[in-house]
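The values are calculated or read from the model by the stated rules, or taken from the named source; none is laboratory data. This one's a predicted model, so the numbers in the text were calculated from it and none came from an experiment. Positions of Cβ are generated from backbone atoms using ideal geometry, with glycine treated the same way; all protein chains shown enter the neighbour counts. We work out accessible area using only protein heavy atoms, side chains counted, and drop any ligands, DNA or RNA first. Shrake-Rupley method; radii C 1.70, N 1.55, O 1.52, S 1.80 Å.
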Amino acid sequence: SRLVIGQFGQSLDGRIATPSGESKYLNGAGGLAHLHRLRALVDGVVVGVSTVVADDPLLTVRMVDGSNPARIVIDPRGRVPATARMFTADGARRIVVTGVDAVADLASGVEIVRVAGLGGRLSPESILAALAEIGLGQLLIEGGADTVSRFLQAGLLDRLHVSVAPVLIGGGRSGISL
């Protein structure tokens with residue numbers, strides 16, 4: 001069955017990061033535990049390549065009991081570094097969704113899913129279809145903001161979880177851009 005959940009954390013004024021890109025303090029312990037519970041409930045967690053390059057996330061379930069989901073990066077042009085922490089071999093599937101012509105130099109055991117795209121962009125619909133074909137129908141679209149926004153704008157999110165931190169940032173990246 002298909003279930004697609006979008007998730008991000010923001011400030012009271014709708015920002016996900018300061019102008020310099022700092023965002024670590026937006027998810028408190030409760031927000032992180034919630035995020036890890038969501039990860040434990042889905043087949044796969046999806047992020048865009050810019051999130052991997054900027055934050056090098058682990059994308060694991062560490063704060064709650066449960067199994068690590070497949071870790072999936074949307075990387076249309078093959079920019080993701082093979083040394084990214086999401087590719088750590090720990091028994092969970094590690095998947096790169098990329099364009100049909102992209103060259104990928106990846107660690108052993110990382111799966112490559114090729115999707116046709118226009119102008120270097122892969123449509124959210126085709127990404128979901130390709131992941132469903134390999135048994136991943138329940139997905140958490142975790143970031144970044146552009147990736148979550150693209151799935152939201154395409155009408156493909158069944159749920160959107162937004163955690164709001166009790167801070168004001170005043171400038172910087174907004175959570176949703178349509």
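Things to note:
- Filter pass, T98 being free of Cβ contacts under 8 Å to residues at least 40 places away in the same chain, more than 20 Å from I169 (Cβ to Cβ), open to solvent by 30 Å² or more (accessible area, probe 1.4 Å) and among the β-branched types (V, I, T): no
- Residue list for the range 118-157, filter: closer than 16 Å to G9 by Cα and part of a strand (DSSP E or B): L140, I141, E142, G143
- In the range 108-117, the qualifying residues are those that are open to solvent by 70 Å² or more (accessible area, probe 1.4 Å) and either in a strand (DSSP E or B) or touching a helix residue (DSSP H, G or I) at 6+ places or on another chain (Cβ under 7 Å) (or both), and the one that is nearest to D56 (Cα to Cα) is I112.
- Reported count of residues in the range 41-83, each being farther than 15 Å from E111 by Cβ, touching a strand residue (DSSP E or B) at 6+ places or on another chain (Cβ under 6 Å) and open to solvent by 20 Å² or more (accessible area, probe 1.4 Å), is 2.
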